[in-house]
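One structure is given below, encoded as structure tokens.
The values are calculated or read from the model by the stated rules, or taken from the named source; none is laboratory data. Keep in mind that what you see is a predicted model, and the values were worked out from it rather than measured. Positions of Cβ are generated from backbone atoms using ideal geometry, with glycine treated the same way; all protein chains shown enter the neighbour counts.
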Amino acid sequence: MKRIFTLLFFALSLLAWPAMAQEVDESYVFMDEDGNIIENGATVVRNVVETDVDGNEVIFSGVSVLNLSGTSSDFIKMHYTIEQIDNGTYQICFPSTCNMKTEEGVYETSIGQLMSDLQDIQSEWFPTADGECVVTLSIEIFTKQGGFPPSYTHKADGPTITLRFVKGDIAPEIDESYVFMDEDGNIIENGATVVRDVVETGDDGAEVIYSGVSVLNLSGTANDFIKMHYTIEQIDNGTYQICFPSTCNMKTEEGTYETSIGQLMSDMQDIQSEWFPTANGECDVTLTIELFVKMGGFPPSYIHKADGPTIHLKFIKGGAPEPIKGDVNGDGEVNISDVNAIIRMILGTPEDKGDVNRDGEVNISDVNVVIGIILNNA
């Protein structure tokens, strides 16, 4: 029921969006340290902890404001909302004064002019322990009026971005505007494992196990670009295939791979993730969605927008393989390593797998059984 309500609320929000959206003036934009313009609404994650000149730990945002207006007469301020600060101090120095805050809340800088066409906003977090600091920044542009002291009138609202500072092993924020869906129309939870063991025959007569997994676009826009990262953790035989978003990849070895970047062909697209086994065994694959914003130029470039959900696919053909008698350490062979493993169990903590002769104990008798297997194999 909770998921149905959430999706209904999301759909109603999309219907109301045109009435709520306000025009964004992009004569002033945010730019990252690599010279890429940060898209309005994007989230920027920073997790590199450095040491400043005073010996304090600090995570720099590397974000600047770029003047594209063609004029230097505008005045500007930054609105910032600290949505989360687990510890330490958040600082922003913009356009000419510095603000330091230690609590969540809604704040703003003073009004001023940029010191140059490209100005570092010196937005940074000084953590004192592991945790996060999440800050939303919005540009507001003003026109200066006469009089003393001078007054300022609102001219336009500029872009908004979110900065997410992370220190320590904190789970990454997941953007669920694109989600995985199974063949029955159920959204697959982030981190879930999907098991598939139905072997079918493909059009070319080859055996295949289909995942039946699609990607569903819940973002309300068709402007995003997307790629799939996939790690083949185990492939006992055969070929793994994924066709997404517009090209097909086929792999026969374990490793970390990714698809090309593209756009979905429809709001729900089958990723054609499947395994073509040639014998009994398993194929285990982890899939992660990554979203991008397309930049101008030719050929076009793309900047990271967000990380989407991750799921695990486990394809199985046939039953689990029979255990090898005497293979105590589970490496698929019976040799002196298994003898050593039993001796360690005798001296330390016995385990069921060390009871090779199944007499209920792990002792020298099990060592003799394994040695006998080794000699017979030789």
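Tabulated data for the structure shown
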{"read-out": "Candidate set from the range 93-123 (those that are in contact (Cβ under 8 Å) with a residue 40 or more places away in the chain and under 17 Å from Val134 (Cβ atoms)); member that is surrounded by the fewest Cβ atoms within 10 Å (Cβ to Cβ)", "value": "Ile121"}
{"read-out": "Of the criteria (1) free of Cβ contacts under 8 Å to residues at least 40 places away in the same chain; (2) surrounded by fewer than 17 Cβ atoms within 10 Å (Cβ to Cβ); (3) part of a loop (DSSP other than H, G, I, E, B), which one Ala129 fails", "value": "(1)"}
{"read-out": "Single condition Phe148 does not satisfy, out of (1) buried (at least 18 other Cβ atoms within 10 Å of the Cβ); (2) more than 29 Å from Gly55 (Cα to Cα); (3) free of Cβ contacts under 8 Å to residues at least 40 places away in the same chain; (4) of a type in the set (A, V, I, L, M, F, W, C)", "value": "(1)"}
{"read-out": "Only listed residue being modelled with pLDDT of 95 or more, among the acidic types (Asp, Glu), on the phi < 0 side of the Ramachandran plot and not assigned by TED's automatic domain parsing to the domain that holds Pro309, chosen from Glu173, Glu104, Glu132", "value": "Glu104"}
{"read-out": "Search result, residues across the range 313-333 that are of a type in the set (A, V, I, L, M), more than 21 Å from Glu254 (Cα to Cα) and either crowded, with 17+ Cβ neighbours inside 10 Å or at pLDDT 85 or above (or both)", "value": "Val328"}
{"read-out": "Of all residues making up the range 177-205, the number that are surrounded by 15 or more Cβ atoms within 10 Å (Cβ to Cβ), within 22 Å of the chain's Cα centre (by Cα) and not in a strand (DSSP E or B)", "value": "3"}
